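Asker: Please find one structure pasted underneath; my questions will follow.
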Amino acid sequence: MTARRRTRGTGRSGAPPSLRTAALPTGAEKTARVRAMFDTIAPRYDLVNRLMTFGLDQLWRRTTVSSLALPAGARVLDLACGTGDLSRLARRDGYRVVGVDLSAGMLAANETATPLVEADGSRLPFATGAFDGLVCGYALRNFTDLEATLAECARVLRPGGRLAVLEVDAPTSRLWRAGYDVWFTKAVPLLGGALSDGAAYRYLPQSVAYLPPAPTLRRILRHAGFSAVGVRPLAGGLSQLVVATRRGTP
Ligand SMILES: C[S@@+](CC[C@H](N)C(=O)[O-])C[C@H]1O[C@@H](n2cnc3c(N)ncnc32)[C@H](O)[C@@H]1O
């Protein structure tokens, strides 16, 4: 257990062509590099996010939280909460939120009033069925073991509990996609390099290669214990929202 409202628990097809073959870390090396990267970029994470999405990320987060459709007072876990944007919106909807993240740096930059836990999403230090809902923003591709992490999401949700996951995506329209590739692979690394850490923002477009295609993600979620799995693009495929319901009788 550590201080400050914080306790210690323990080839996606959409990748731009130039990045599909880039060597990306796996296993313990990936976990260590992801943690170190977010520790480094935490202080300017929110600023770079707003600039690189023209503020649209907040709109997509709003949609994510709304899709939980739970009554006020529901217990919601913000998995990989980072600096807490989703937690803040969820609290505004009257939810009782707990945030969990791997990076101590991101948690230190989290200025929400949410109780925070430092832990790996694949080993959540919460009781089975402890939450009514779970949100997760832009973190799927950062998880080292996606199957184990989604199985943990299912375990900590009560039967009937709701999952809402926000992730980057790649537009299917050719024109939209061309602009997106230039912005994501050229402009964002420059912007991130100027304001934060160039290596981290070069990794960002590369990390899209970790995301499974939608049918695979649906299968993993069903296998983990979810039903009513839906995947839908936001803003023509700039982001995607994945929703699901924990199977079982409440
Ligand atoms: C792109 S940030 C997203 C932060 C926040 N959810 C948001 O919407 O802005 C990804 C977050 O995932 C966290 N993360 C990465 N791997 C993790 C893991 N295995 N367990 C928990 N958090 C993890 C990182 O530390 C980082 O805060």
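Asker: Tell me whether the stretch 169-182 contains one or more residues that are open to solvent by less than 30 Å² (accessible area, probe 1.4 Å), within 22 Å of Met37 (Cα to Cα) and in contact with a helix residue (DSSP H, G or I) (Cβ under 8 Å, 6 or more places away or on another chain).
Answerer: Yes, the stretch 169-182 contains at least one residue that is open to solvent by less than 30 Å² (accessible area, probe 1.4 Å), within 22 Å of Met37 (Cα to Cα) and in contact with a helix residue (DSSP H, G or I) (Cβ under 8 Å, 6 or more places away or on another chain).
Asker: Additional query: Test each condition in (1) under 19 Å from Arg246 (Cα atoms); (2) modelled with pLDDT under 95; (3) not hydrophobic (A, V, I, L, M, F, W, C) for Ser122 and report the one that comes out false.
Answerer: The number of the failed condition is (2).
Asker: Given the conditions (1) charged (D, E, K, R); (2) within 10 Å of the ligand (Cβ to nearest atom); (3) modelled with pLDDT under 95; (4) open to solvent by less than 40 Å² (accessible area, probe 1.4 Å), report the number of the one that Arg12 does not fulfil.
Answerer: (2)
Asker: How many residues does the stretch 96-113 contain that are more than 10 Å from the ligand (Cβ to nearest atom) and either part of a strand (DSSP E or B) or crowded, with 24+ Cβ neighbours inside 10 Å (or both)?
Answerer: Taking the stretch 96-113 first, the residues more than 10 Å from the ligand (Cβ to nearest atom) are 96-98, 108, 111-113.
With the extra rule that they be either part of a strand (DSSP E or B) or crowded, with 24+ Cβ neighbours inside 10 Å (or both), the set shrinks to 96-98.
Summing the residues that are more than 10 Å from the ligand (Cβ to nearest atom) and either part of a strand (DSSP E or B) or crowded, with 24+ Cβ neighbours inside 10 Å (or both) in the stretch 96-113 gives 3.
Asker: With respect to Leu59, is the statement that it is surrounded by fewer than 19 Cβ atoms within 10 Å (Cβ to Cβ) and in a helix (DSSP H, G or I) true?
Answerer: yes
Asker: For the stretch 32-53, check the following and say yes or no: at least one residue is among the acidic types (Asp, Glu), within 13 Å of the chain's Cα centre (by Cα) and crowded, with 16+ Cβ neighbours inside 10 Å.
Answerer: From the stretch 32-53, those among the acidic types (Asp, Glu) are 39, 46; that's our starting set.
Those still in the list that are within 13 Å of the chain's Cα centre (by Cα) too: none.
No, every residue in the stretch 32-53 fails to be among the acidic types (Asp, Glu), within 13 Å of the chain's Cα centre (by Cα) and crowded, with 16+ Cβ neighbours inside 10 Å.
Asker: Yes or no: Cys81 in a strand (DSSP E or B), modelled with pLDDT of 95 or more and either surrounded by fewer than 20 Cβ atoms within 10 Å (Cβ to Cβ) or near the ligand (Cβ under 9 Å from one of its atoms) (or both)? Spell out the reasoning first.
Answerer: Working: in a strand (DSSP E or B): no; modelled with pLDDT of 95 or more: yes; either surrounded by fewer than 20 Cβ atoms within 10 Å (Cβ to Cβ) or near the ligand (Cβ under 9 Å from one of its atoms) (or both): yes.
Answer is no for this residue.
A quick yes/no check of all residues on (1) more than 16 Å from the ligand (Cβ to nearest atom); (2) open to solvent by less than 20 Å² (accessible area, probe 1.4 Å):
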| site | (1), (2) |
| --- | --- |
| Leu163 | no, yes |
| Leu166 | no, yes |
| Thr185 | yes, no |
| Gly193 | yes, no |
| Ala199 | no, no |
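Asker: If you scan the stretch 216-250, which residues turn out to be out of contact with any Phe, Trp or Tyr (no Cβ under 9 Å at 6 or more places or on another chain), farther than 17 Å from Ala151 by Cα and open to solvent by 40 Å² or more (accessible area, probe 1.4 Å)?
Answerer: Once the filter is applied, which keeps residues that are out of contact with any Phe, Trp or Tyr (no Cβ under 9 Å at 6 or more places or on another chain), farther than 17 Å from Ala151 by Cα and open to solvent by 40 Å² or more (accessible area, probe 1.4 Å), the stretch 216-250 yields Arg232, Pro233, Thr249, Pro250.
Asker: Further question: Among the residues of the stretch 118-144, write down those that are among the charged types (D, E, K, R) and not in a strand (DSSP E or B).
Answerer: Asp120, Arg123, Arg141
Asker: Test each condition in (1) within 14 Å of the ligand (Cβ to nearest atom); (2) at pLDDT below 90; (3) of a type in the set (Val, Ile, Thr) for Thr21 and report the one that comes out false.
Answerer: Among (1) within 14 Å of the ligand (Cβ to nearest atom); (2) at pLDDT below 90; (3) of a type in the set (Val, Ile, Thr), the lone unmet condition for Thr21 is (1).
Asker: With the structure loaded, tell me whether Asp132 is open to solvent by less than 30 Å² (accessible area, probe 1.4 Å), away from the ligand (no atom under 16 Å from the Cβ), out of contact with any Asp or Glu (no Cβ under 7 Å at 6 or more places or on another chain) and of a type in the set (Asp, Glu) or whether it fails that test.
Answerer: Considered against the rule, which asks whether it is open to solvent by less than 30 Å² (accessible area, probe 1.4 Å), away from the ligand (no atom under 16 Å from the Cβ), out of contact with any Asp or Glu (no Cβ under 7 Å at 6 or more places or on another chain) and of a type in the set (Asp, Glu), Asp132 comes out as yes.
Asker: Here's another thing I want to ask about it. In this structure, does Gly73 turn out to be within 13 Å of the ligand (Cβ to nearest atom) and small (Gly, Ala, Ser)?
Answerer: Taking the combined requirement at face value, the residue does not satisfy it.
Asker: If you check Leu89 against the conditions, is it under 23 Å from Pro43 (Cβ atoms), within 16 Å of the chain's Cα centre (by Cα) and more than 9 Å from the ligand (Cβ to nearest atom)?
Answerer: Here the answer is yes, as Leu89 does meet what is asked.
The values are calculated or read from the model by the stated rules, or taken from the named source; none is laboratory data. Keep in mind the model is a prediction, meaning the values are calculated, not measured. Every residue, glycine as well, gets a Cβ built from its backbone with ideal geometry; the counts of neighbours run over all protein chains shown. Surface areas here come from the heavy atoms of the whole protein model, side chains and all, with no ligands, DNA or RNA. Shrake-Rupley method; radii C 1.70, N 1.55, O 1.52, S 1.80 Å.
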